[in-house]
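Worksheet: one structure, shown below.
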Amino acid sequence: MEKEIINSGKAPKAIGPYSQAVKAGNMLFTSGQLPINPVTGEVTGDIATQTRQVLENLKAIVEAAGGSLADVVKAMVFITDLSGFAAMNSVYTEYFPVKPPARSTVEISGLAKNALVEIEVVALLGG
């Protein structure tokens with residue numbers, strides 16, 4: 001099975017030696033996405049604002065692979081303070097309103113660029 005590197009100009013460029021996503025067969029694996037605005041390169045706002053930016057970045061990457069967020073089967077959420085869980089979850093629900101993917105959410109001590117949230121997803125394309 002060949003792997004295909006997926007990149008979207010509508011999402012921020014990788015800030016390290018990794019791809020935005022890798023497609024293997026009909027599976028898509030994204031790298032963790034930070035709330036980096038792809039136009040300005042900045043991370044701004046509260047947890048809700050940052051969650052929205054992360055999900056917009058993920059949406060752009062999944063769409064670049066030929067899918068949609070409806071194809072996401074697993075999400076992994078990394079958050080620096082679980083007291084922001086409800087606000088993050090409220091925005092997350094807007095992007096996955098029906099048949100949400102399986103999900104893990106963990107609190108971690110810190111993220112690159114002092115972000116408050118990072119999310120990565122696995123999607124089943126064409127499924």
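The values are calculated or read from the model by the stated rules, or taken from the named source; none is laboratory data. These figures come from a predicted structure and were not determined experimentally. So basically every Cβ, Gly included, is an ideal-geometry build from the backbone, and we count neighbours across all protein chains shown. Each accessible area value is taken on the protein alone, full model and side chains, heavy atoms only, with ligands, DNA and RNA left out. Shrake-Rupley method; radii C 1.70, N 1.55, O 1.52, S 1.80 Å.
Values for this structure:
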item: Unmet criterion (only one of (1) more than 17 Å from K10 (Cα to Cα); (2) out of contact with any Phe, Trp or Tyr (no Cβ under 7 Å at 6 or more places or on another chain)) for V122; result: (2)
item: Looking only at region 8-56, and only at residues there that are within 13 Å of the chain's Cα centre (by Cα), part of a strand (DSSP E or B) and not polar (S, T, N, Q), the one that is farthest from D71 (Cα to Cα); result: A21
item: Single unsatisfied condition, N89 versus (1) assigned to a helix (DSSP H, G or I); (2) buried (at least 18 other Cβ atoms within 10 Å of the Cβ); result: (2)
item: Test result for I5, within 24 Å of G126 (Cβ to Cβ), open to solvent by 10 Å² or more (accessible area, probe 1.4 Å) and either in a helix (DSSP H, G or I) or not polar (S, T, N, Q) (or both); result: yes
item: Residues that are of a type in the set (V, I, T) and under 13 Å from V22 (Cα atoms), drawn from region 60-74; result: I61, V62
